[in-house]
Amino acid sequence: MRGEVEATATVDWHFRAHGQDEFIHIYSYDGEESNIIDERFQDRMEWHGSKKTFDLQDASVDILNVTFNDSGDYQCTFNRILSYQHYEYSTIVSKLVHLTVVAKGMGFTMVKSL
């Protein structure tokens, strides 16, 4: 993040269940509002990333009431736009997170940072 260049970012999360070929768009956030797109995640996703800024740096989300059906690949995509005086520059970066839900925890919590 560079304070001398105005920037905005949006974040999109996609999900691909085990055995599926394609990702499905499940969630988006633009610095002001979040939108849970896939009904399977309705009332179960919470934004815990950057707050009170449109230049998002952290895209952390929580999934509540996790089930075995939540196992799969999650793809987080940042679309960041730098605004200069005479033009805008867009950068898109994606990160992949693999989640396997197990029947019983091992007594510790692991946090995956993007």
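Quick notes on this structure:
- In this Cβ point-charge picture (+1 for Lys and Arg, -1 for Asp and Glu), segment 6-99 has a dipole of about 220 debye about its Cα centre.
- Between amide H atoms placed 1.01 Å from N, distances below 5 Å from ILE26 occur with TRP13, HIS14, PHE15, all of them 5 or more places distant or on a separate chain.
- Averaging the sequence gap over all C-alpha pairs within less than 8 Å and six or more residues apart, then dividing by the number of residues, gives segment 6-99 a relative contact order of 30 percent.
- Equivalent ellipsoid semi-axes - Cα gyration tensor, segment 6-99, angstrom: 27, 15, 10
- Here segment 26-67 is scanned for amide nitrogen atoms under 18 Å from the site 7 Å beyond the Cα of VAL102 along Cα-to-Cβ, giving 66-67.
- Packing rank of 33-41, 10-18, 83-91, where each peptide gets the mean count of other beta carbons within 10 Å, highest leading: 10-18, 33-41, 83-91
- Farthest toward positive dipole pole in the chain [+1 Lys/Arg, -1 Asp/Glu at C-beta], among ILE63, PHE78, THR100: THR100
Every number here is computed from the coordinates shown, using simple stated rules; none is lab data. In this text the structure is predicted, and so the values were computed from the model without any measurement. Counting neighbours? That spans all protein chains shown, and the Cβs are built from the backbone with ideal geometry, glycine included.
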